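Asker: Sharing a structure here in structure tokens format.
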Amino acid sequence: MFQPVLSLFLYFPEDKSEYIPAGITFLIFLIGALLTMRIFIAVSNREAKKAKELEEQLKNQEHSPRNS
């Protein structure tokens, strides 16, 4: 029953050199995805550090004597 449906989407070329452009495209997108993930992690760590510094600054303000 599913054989005719699956045969519409599966294509295995006889000439294996047809896999080369797909492999190159895959590597380009994989490298792009990894770089994007690293950028997100770096920005997230930077923002976490800023938030931690702000939190410490606010805690220090709370504990210091007020001049009012």
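Asker: In degrees from 0 to 90, rounded to the nearest 10, what is the angle of the helix 19-63 Cα long axis to the longest principal axis of the chain?
Answerer: That works out to roughly 10 degrees.
Asker: With a 10 Å Cβ neighbour count serving as the proxy for reagent exposure, in which order, fewest first, do Phe9, Phe26 appear?
Answerer: In increasing order of surrounding Cβ atoms, one gets Phe9, Phe26.
Asker: Ok, one more. Please state the Cα pair-distance histogram of the chain with 5 angstrom bins from zero: what percent is in each bin?
Answerer: Result returned by the calculation: 3, 12, 8, 10, 9, 8, 8, 7, 6, 6, 5, 5, 4, 3, 2, 2, 1.
Asker: Put +1 on the Cβ of every Lys and Arg and -1 on every Asp and Glu Cβ in the chain; which of Leu58, Pro4, Thr25 then has its Cα farthest towards the positive end of the dipole?
Answerer: Of the listed residues, the answer is Leu58.
Asker: Restricting to DSSP H runs of at least four residues, report the calculated mean residue ellipticity at 222 nm for the chain, -39500 (n - 2.57) per run over all residues, nearest 500 deg cm²/dmol.
Answerer: When only DSSP H runs of four or more count, the value is -27000 deg cm²/dmol.
We did not get these values from a lab; they are worked out from the coordinates using the rules stated. Predicted model, so just to flag it, every value in this text is computed and none were measured. Don't worry about glycine lacking a Cβ; one is built from the backbone with ideal geometry, like all the others, and counts go over all protein chains shown.
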